[in-house]
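K.L.:
After the structure tokens below, expect a handful of questions from me.
The values are calculated or read from the model by the stated rules, or taken from the named source; none is laboratory data. Predicted, not measured: the structure shown is a model, and the values here were computed from it. Here Cβ is always computed from backbone atoms with ideal geometry, including for glycine, and neighbour counts include all displayed protein chains. Accessible surface areas use protein heavy atoms only, side chains included; no ligands, DNA or RNA. Shrake-Rupley method; radii C 1.70, N 1.55, O 1.52, S 1.80 Å.
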Amino acid sequence: MPRPSATRPSPTPSRVQPSPARALTAGPVSLEAGGGPGLYVTTADSVGVLAALSAASASAAREQATFEVVAGLNDPKCLSLRSADGRYLRHLSWRLRLDERIDTALFRGDATFCVRPVAGTGTVQLESSNYPGWFMHRRGGQLWVDQNDGSAAFRADSAFRVRTPLTA
């Protein structure tokens with residue numbers, strides 16, 4: 001007759017940390033480069049860049065690095081990032097930039113990003129909705145949408161931490 005198995009005590013429940021994907025819900029947010037503490041997604045002359053910012057930075061600079069997360073223009077399961085002046089962060093010729101909304105399929109696709117949590121890092125990657133496998137990616141201090149090459153360097157340069165908005 002088989003022996004009954006011993007009942008193992010259940011492990012102590014651990015505190016569940018919110019996933020980065022949940023942190024990118026509707027509302028204001030700032031994005032910090034995963035590998036660059038203090039470097040935030042912002043724009044200069046309407047193109048996407050990373051800039052060193054903090055709570056002590058000028059109000060205008062902090063506002064420019066704060067985006068409103070809204071349902072994706074191309075896919076409501078994804079997101080779009082809208083600036084305080086109503087323009088959208090989108091890619092055009094692979095470069096990230098802020099543009100006025102145009103009601104075309106191309107614009108909606110270019111301005112929609114799908115959140116991909118990076119396991120174990122507390123960061124997310126933002127994948128282009130209309131070009132799967134292409135991610136918001138830093139090249140030095142500039143922001144582009146580049147194809148994932150599978151390398152650790154690419155993963156690091158396309159990872160962002162979701163932060164509370166820099167504006168009050």
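K.L.:
Evaluate the following for residue 140: is it loosely packed, with under 13 Cβ neighbours inside 10 Å, without any contact (Cβ under 8 Å) to a residue 12 or more places away in the chain and out of contact with any Cys (no Cβ under 9 Å at 6 or more places or on another chain)?
P.N.:
When the stated conditions are applied, residue 140 passes them.
K.L.:
Hey, another quick one. Under the condition of being outside any strand (DSSP E or B) and in contact with a strand residue (DSSP E or B) (Cβ under 8 Å, 6 or more places away or on another chain), which residue from the stretch 133-142 is nearest to residue 79 (Cα to Cα)?
P.N.:
It comes out as 133.
K.L.:
Additional query: What pairs come up if the first residue lies in the stretch 23-52 and is on the phi > 0 side of the Ramachandran plot, the second is among the hydrophobic types (A, V, I, L, M, F, W, C) and surrounded by fewer than 14 Cβ atoms within 10 Å (Cβ to Cβ), and their beta carbons are under 7 Å apart, counting only those six or more places apart or on different chains?
P.N.:
38/52
K.L.:
Give the stretch 58-77 a look and list any residue that's of a type outside the set (A, V, I, L, M) and either surrounded by fewer than 16 Cβ atoms within 10 Å (Cβ to Cβ) or part of a helix (DSSP H, G or I) (or both), or say none.
P.N.:
Passing the criteria: 59, 62, 63, 64, 76, 77.
K.L.:
Does any residue in the stretch 144-168 that is free of Cβ contacts under 8 Å to residues at least 60 places away in the same chain and open to solvent by 60 Å² or more (accessible area, probe 1.4 Å) come within less than 6 Å, Cβ to Cβ, of a residue that is assigned to a loop (DSSP other than H, G, I, E, B) and not aliphatic (A, V, I, L, M) six or more places away or on a different chain, and which pairs are these?
P.N.:
147/133; 148/133
K.L.:
Of 145, 124, which residue is aliphatic (A, V, I, L, M), under 14 Å from the mean Cα position of the chain (by Cα), within 13 Å of residue 34 (Cα to Cα) and in a strand (DSSP E or B)?
P.N.:
Unique residue meeting the criteria: 124.
K.L.:
Mind telling me which of the residues 36, 86, 48 ends up being of a type outside the set (D, E, K, R), open to solvent by less than 10 Å² (accessible area, probe 1.4 Å) and not in a strand (DSSP E or B)?
P.N.:
Details: 86 fails: open to solvent by less than 10 Å² (accessible area, probe 1.4 Å); 48 fails: not in a strand (DSSP E or B).
Result of the check over 36, 86, 48: 36.
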